[in-house]
1. Using a 4.7 Å cut-off between beta carbons, which cysteines in the chain end up with no partner cysteine at all?
2. Grab the DSSP H runs of the chain that are 4 residues or longer, score each as -39,500 (n - 2.57), total them, divide by all residues and round the 222 nm result to the nearest 500 deg cm²/dmol.
3. Give the angle, between 0 and 90 degrees and rounded to the nearest 10, that separates the Cα long axis of helix 12-31 from the longest principal axis of the Cα atoms of the chain.
4. What per residue convex hull volume, in Å³, comes out for the chain when only alpha-carbon positions are used?
5. So what is the relative contact order of the chain, in percent, for Cα pairs below 8 Å that sit 6 or more residues apart?
6. If r is the Cβ-Cβ distance from His42 to Ser15 and R0 is 30 Å, what FRET efficiency results, to the nearest 0.05?
7. Enter the Cα centre distance for the pair the range 11-54 and the range 83-102, rounded to the nearest angstrom.
8. Roughly speaking, what is the stretch gain from Ser86 to Ala51, that is 0.36 nm per residue apart minus the C-alpha to C-alpha distance, in nm to one decimal?
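Throughout, read-outs are computed from the coordinates displayed, never taken from laboratory work. For clarity, every value in this text was computed on a predicted model and none was experimentally measured. Counting neighbours? That spans all protein chains shown, and the Cβs are built from the backbone with ideal geometry, glycine included.
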Amino acid sequence: MPAAEREEGDVPEISVARALLQQVQRLQRVHGMAPVVSIVVHIGELAGVEAELLRTASSLLAPAAGAERAELQLTPVPLQAHCRASAATFPVERFRFVCPTCAARDVTVL
């Protein structure tokens, strides 16, 4: 669905931010933690999440979750694959899932 046709509930970053903040609240309750100062999230290339939209959604939802002072640290995770034939691990560029060592296509996404 094109972004222009989405409603607020359809934007995945809002759902991800809400779930993330709910998890933070749950961990605070279970462990009796002090206020959260930092939240670290690793985002893989295939996650389907836009980092800046997630940052915006989190900042909008954080006050209601008691995490308004928490710094959201977003770390991109490059796409990598492992070749079953050559055992090489390599970065996937331009979504080309071909081993650069042996040209095999029998790879596993890591």
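1. Cys102 - these cysteines have no disulfide-compatible partner (Cβ-Cβ under 4.7 Å) in the chain.
2. Rounded to the nearest 500, the figure is -9500 deg cm²/dmol.
3. That works out to roughly 60 degrees.
4. 136 Å³
5. For the chain, the relative contact order is 23 percent.
6. On the way: r = 18 Å, r/R0 = 0.59.
In this case the efficiency is close to 0.95.
7. 31 Å
8. Taking Ser86 through Ala51 to full extension adds about 9.2 nm, to one decimal.
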